[in-house]
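Here's the structure we're looking at; comments come further down.
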Amino acid sequence: MYRSEHILKGLSNQYYRATYKSMGFTTEDLKRPVIGIANAWSECVPGHYNLRQVAQRVKDGIYRAGGTPIEFGVIGGCDGMGQGHDGMHYILPSRELIANSIESMAQINLFDGLVLLGSCDKIVPGMLMAAARLNIPTVVVSGGPMLPGRFQGKDISVSTVFEAAGRFESGQIDACQLKEIEHCACPGCGSCSGLFTANTMNCMTEVLGMGLPGNGTIPAAYNGKRIALAKYAGMHVMRLVEKNICPRDIMTKAAFENAITVDMAIGGSSNTALHLPAIAHEAGIQLPLDLFDEISKRTPYLTKLSPGGTHHIVDLNEAGGIPAVMHELDRLQLIHKECTTVTGKTVGEVIEHAEIMRPEVIHSVENPYNKTGGIAVLKGNIAPECSVVKESAVDPSMKVFSGPAKVYDSEDEAIAAICAKEVKSGDVVVIRYEGPKGGPGMREMLNPTSVLAGMGHDKDVALLTDGRFSGATRGACIGHISPEAREGGNIALLENGDIIEIDIPNRTLNVKLSDEELAKRREKWVCPPPKVKSGYLARYAALVTSAATGAVLKVPGQE
């Protein structure tokens, strides 16, 4: 019996049928399995601008395979639009709103299956969290990545725009060049063209088995292929409903290990260390950050995409996409090929005939960019629980680094100091009280990192925070420091001039202070009052857990 039959079948359910018929659904439509389409379309986000067209093709696929699609809306805040102002406090918390709203709509309407349409940073993780929580047949579809822009004969992306401000401040470009970069960087719709958080998570969706092959890499501008993928997604969700194959059948512990492995191989966004554990949590799976580091140590780094390199997602697509990366990793027996996917095939079957078409984009396991993965988890007396760095975007000269701390109690203070040229070569910028609770909402630090990079400091200044970084960030930028300052973590005890010691190869992050000195400072430390005392952010701050556990919300009364 389908879920929808509880409200659409029988004499006692005439009201439900009548309301659907008022919107044009027929008696025949209401006898079919009903598939909810959660669409994050809006005119606020380029990654979602084409989702109306994608949704129509998903509907075509559902109709063709014998189902009835019913579309509803989901919010979709863009990290880029939230940069540098109070709106960024809401971005990570919006992940919960997205998951909750999809759960609510699916349960109110008793959908038999779901297709979830989103492309950008927190939307896709929120959708996957909802899929794991509801555990009804589901396929996730993105709108596709943006093509890179062109400036002075080179590919550029949105990260170039952010860094251009720093280049202008330091006199490297003039006002006309700054304006031209603004015009050229984003040539059309799609999720930003580099391997930032949005495209990383769309690739992870594909690896997890929750999206079709190509979901993470076929550009939005490749209309024929992207639209065909959407139509196939609609058809495949009907097969999942027929066979009752659900997200927790697909998103197993082995599938998450595959996702972490590919994440390390492609040098994905450090935000995956927040999102994959949160999605796994909804599926009843523990995904400790130590597992990320364990997998990183055995996984070669095979692609060097923007911001760590000059290639973009379109290049990865031309090189064979995610299946080619997985096929290459399987040569080292690093992939669980038995995992199932929404296609009905196993991972092994999906990647069996994949091959690398552009070896300059996807390197072989014999010739990796690095023998270990793109993300590193550091621990030490600054970060007893964890901190996370995108090692693949760090210049080799900065992987072992020490310098005096310049301490700021907010992102805004730090940006003002950087623009005033108070930060010098050799410094370690510390931005605290920006964690999940302290921010609240764990703001993304793309503005300060981009200005530093644009001013040429990405190779001589490090940045530490209990907040997080954009996937577009490059340089020795270490985030997710836990425990955070708001919870009394040692980052709250740092002072200007303290010597910070970073050793990425050995996975350590320390301040050159004795335990006794830290204890003395702790006795004097006073927790500042919360920045927000009402509204959604206050409720979020009261319930959110550490970045070390994916910043999930705790259930009152439970650990």
Using the Kirkwood radius over Cα pairs of region 349-468, the Stokes-Einstein translational diffusion coefficient at 25 °C and 0.890 mPa s, in µm²/s and rounded to a whole number, is 149
Which pairs, out of 304/512; 399/424; 59/225; 253/337; 421/533, put more than 23 Å between their alpha-carbon atoms? 304/512; 421/533
Rounded to the nearest 0.05, what FRET efficiency is calculated for residue 254 and residue 72 with R0 set to 51 Å and r the Cβ-Cβ distance? 0.95
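Multiplying the sequence separation of residue 413 and residue 169 by 0.36 nm and subtracting their Cα-Cα distance, what value in nm do you get? Present the calculation step by step, with values, prior to reporting the outcome.
On the way: separation 244, 0.36 × 244 = 87.84 nm, distance 1.77 nm.
Answer, rounded to one decimal: 86.1 nm.
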What distance in nm lies between label points placed 7 Å from Cα along the C-beta direction at residue 526 and residue 183? 5.5
Excluding ligands, DNA and RNA, the carbon-plus-sulfur percentage of the accessible area of region 84-224 with a 1.4 Å probe reads 55
Under the helix-only model (-39500 (n - 2.57) for each DSSP H run of 4 or more, divided by the residues of the chain), the mean residue ellipticity at 222 nm, to 500 deg cm²/dmol, is -11000 deg cm²/dmol
Among trypsin sites (Lys or Arg not before Pro) in region 283-356, those in a DSSP loop whose Cβ has at most 14 other Cβ atoms within 10 Å are 331, 345
Give the calculated FRET efficiency between residue 539 and residue 104 to the nearest 0.05, with a Förster radius of 22 Å applied to their Cβ-Cβ distance. 0.85
If you keep only loop residues by DSSP, which GluC sites (Glu not before Pro) in region 503-537 have at most 16 other Cβ atoms within 10 Å of their Cβ? none
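Roll a 1.4 Å probe over the protein chains and send me the accessible area per residue for the chain in Å². All intermediate terms of the calculation are to be shown ahead of the outcome.
On the way: 20910 Å² over 559 residues.
That works out to 37 Å² for each residue.
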Identify the GluC sites (Glu not before Pro) of region 313-376 meeting these criteria: DSSP loop state and at most 11 other C-beta atoms within 10 Å of the C-beta. 338, 360, 366
So how exposed is residue 32, as accessible area in Å² (1.4 Å probe, rounded to 10)? 80
On the protein heavy atoms, probe 1.4 angstrom, tell me the percent of accessible surface of region 1-42 carried by carbon and sulfur. 55
Report, to the nearest whole %, how much of the accessible area of region 370-474 belongs to carbon and sulfur atoms, 1.4 Å probe, protein only. 53
Cα convex hull of the chain - mean projected area over all directions, nm²: 25.5
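Take every DSSP beta bridge with both residues inside the chain and express the antiparallel ones as a percent of the total, to the nearest 5. Numbers along the way, then the final one.
Values: 21 of 50 bridges.
So the antiparallel bridges in the chain amount to around 40 percent.
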How big is region 91-241 by Rg and Dmax over its Cα atoms, in Å? 18.3, 59
Distance from region 22-97 to region 299-365 (C-alpha centre basis), Å: 28
Nitroxide proxy distance, nm - points 7 Å out along Cα→Cβ at residue 421 and residue 135: 6.1
Rounded to the nearest Å, the spacing of the alpha-carbon centers of region 441-480 and region 235-262 is 34
1/(1 + (r/R0)^6) with r = Cβ-Cβ of residue 228 and residue 310, R0 = 22 Å, i.e. FRET efficiency to nearest 0.05, evaluates to 0.15
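The values are calculated or read from the model by the stated rules, or taken from the named source; none is laboratory data. Here the structure is a predicted model, which is why all the values come from computation and not from measurement. In this analysis, Cβ positions are derived from the backbone assuming ideal geometry, glycine residues included, and neighbour counts consider all displayed protein chains. Ligands, DNA and RNA are excluded from the accessible area calculation, which covers all protein heavy atoms including side chains. Shrake-Rupley method; radii C 1.70, N 1.55, O 1.52, S 1.80 Å.
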